[in-house]
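One structure below.
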Amino acid sequence: MKATELREDILTAWMACRDAISTEDKVAIRNLHLAAKLDDREISYRRLLKDLSNLRSFFPSPARIEPERIDPVLVSVEPRTQEERLFKVVRGFWSMPYSKGYGRRLRYLVLDQYHGAVIGIIGLQSPSADLACRDAYLCAPKEHKLRVVNNTLDAYTIGATPAYAPILGGKLTAGMLHAPLIRQDYWRTYGNRLTTQLKLRVPQPLLAITTASAFGRSSIYNRLRFGEQVLAKPLGYTKGFGTLHLEGLYPKITTWLEQTGRCVPAGFGNGPKVRWQNIMRALVALKIPRKCLEHGLQREVFIFELVTNLQAVCARGDLPDSLPFDTTRWAEYWKERWCLPRVVRSPDWYEFDAYGALESSLVTQLRGNAES
């Protein structure tokens, strides 16, 4: 691998990304996500396809679903269980780069009890220490900001399966971030843990969950309400910096860094974000300007407030007042407000091959992974 060749590849990837985003070419943007995802060798698409086949009954065709009888329930996902296999199959379907989450991690399935089917999934992790629009909204004093942020989680994945997405199952799944089960699991799992940086006990109760859209403005989270209650409040947009457009080149980058003795290997003692360190080392060594990290994809950020007085808690240290939430009533509200009207407007939904969409996506990614 020559330095001039790698430099040209990086600059070409940056310009192609900027063009796709400036023209709002969502197909090209999805392909960028897919290229990043295909570089993750930890994903075994062959295993996911086998699990999909073995668990086929959990992914029925819309023709077998009676919308008025959909009966959602939130279920925790534990390691080495059938629920974990279902979670991974659904997560592997999307083009977004796969993530196990980091720091504190909680995972959930939204199941349709009546049809024995997976409606959607939720993946939660520790939040980023710095997120400008979130930090401005919370109004926490600078010296207490990290402690406040540690009192929240970030949703790295929220979405519905192919059968339920057309009838807005994504909105149902997103609303479930308010479910009491998540707050209970947070306390049960992390109540006695110490935070990594501050070495303090993880604060209780969970105050809020943030998330960001995949492709600019979000259609799932915008206007997400439960009667008069706003479930997802928009905070603003990310700045459009990162390595999304370079993830597909990461194998070439690490090969060149290894050849030149600059590569930071993954593993204990090498610090966080090894991929970021290596990409930055390559940019510096190749004299590529930092502006090439500006891909321009601004993601819309939302916050799901789990207490009635969030800003007062964060700014002044008031005692949190937990916000009640009834998941059964929420499921019925979703059904009447979004699901059933969408079914009426989309009569061809019943003919959609949802299982085939799952299988086709995993097969495509298996082939791409083998060729990359």
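The numbers here are math on the coordinates, done by the rules we state, and not lab data. Predicted model only: the values in this text are computed from it and were never measured. A quick note on method: Cβ atoms are made from the backbone with ideal geometry, for glycine too, and the neighbour counts reach across all protein chains shown.
Can you tell me, using C-alpha contacts under 8 Å and at least 6 residues apart, the relative contact order of the chain as a whole percent?
Dividing the mean separation by the residue count of the chain yields 25 percent.
To the nearest 500 deg cm²/dmol, what mean residue ellipticity at 222 nm is calculated for the chain from DSSP H runs of n ≥ 4 alone, each contributing -39,500 (n - 2.57), summed and divided by the residues?
-11500 deg cm²/dmol
Taking H as built 1.01 Å from N, whose amide H comes closer than 5 Å to the amide H of residue 306, not counting residues under 5 places away?
Amide H to amide H, under 5 Å and 5 or more residues apart or across chains, residue 306 pairs with 208, 209.
Would you mind counting up the charge near residue 310? Only other residues with Cβ under 10 Å from its Cβ, with Lys and Arg at +1 and Asp and Glu at -1.
Around residue 310, the charge tally is -2.
Once a ≥ b ≥ c are taken as the square roots of the eigenvalues of the Cα gyration tensor of region 291-335, is the result rounded (a/c under 1.5), prolate (a/b larger than b/c) or oblate (a/b not larger than b/c)?
Numbers: a/c = 6.19, a/b = 1.36, b/c = 4.56.
Oblate is the answer for region 291-335, as a/c is 1.5 or above yet b/c matches or exceeds a/b.
List 239, 142, 88 from most exposed to least, where exposure is judged by having the fewest other Cβ atoms within 10 Å.
The order, fewest Cβ neighbours first, is 142, 239, 88.
How high is the FRET efficiency from residue 319 to residue 128, r the C-beta distance, R0 35 Å, rounded to 0.05?
Details: r = 26 Å, r/R0 = 0.75.
Result of the calculation: an efficiency of 0.85.
Gaussian network model of the chain, Cα springs within a sub-10 Å range: biggest mean-square fluctuation belongs to which of 184, 259, 298?
For the chain, modelled as a Gaussian network with Cα springs under 10 Å, the answer is 259.
With the chain treated as a Gaussian network of Cα nodes joined by springs under 10 Å, which of 23, 161, 152 yields the largest mean-square fluctuation?
Sorting by GNM fluctuation, first place goes to 23.
Short version: ³J(HN,Hα) in whole Hz for each residue of region 54-68, in order, from phi by Karplus 6.51 cos²θ - 1.76 cosθ + 1.60 (θ = phi - 60°), x for Gly and Pro, what are they?
Karplus-based 3J(HN,Hα) across region 54-68 equals 5, 10, 4, 4, 7, 10, x, 6, x, 4, 8, 9, 9, x, 5 Hz.
Can you pull the one-decimal nm distance between simple spin-label points at residue 53 and residue 217, each 7 Å off the Cα toward Cβ?
4.4
Given the Cα-Cα distance of residue 16 and residue 336 and 0.36 nm per residue of separation, how much length would full extension add, in nm? Before the final figure, lay out each step's value.
Values: separation 320, 0.36 × 320 = 115.20 nm, distance 4.30 nm.
Length gained, residue 16 through residue 336: 110.9 nm.
Decide, for the chain, between rounded, prolate and oblate: order the square roots of the alpha carbon gyration tensor eigenvalues as a ≥ b ≥ c, take rounded if a/c falls under 1.5, and otherwise choose prolate if a/b is larger than b/c, else oblate.
Oblate, because a/c is 1.5 or more while a/b does not exceed b/c.
Take the chain, connect every pair of alpha-carbon atoms lying under 10 Å apart with a spring to form a Gaussian network, then pick out the residue of 147, 337, 80 with the largest mean-square fluctuation.
80
Under 15 Å from the Cβ of residue 134, count the other residues' Cβ atoms, weight Lys and Arg +1, Asp and Glu -1, and hand me the total.
Spelling it out: positives minus negatives among the neighbours equals +1.
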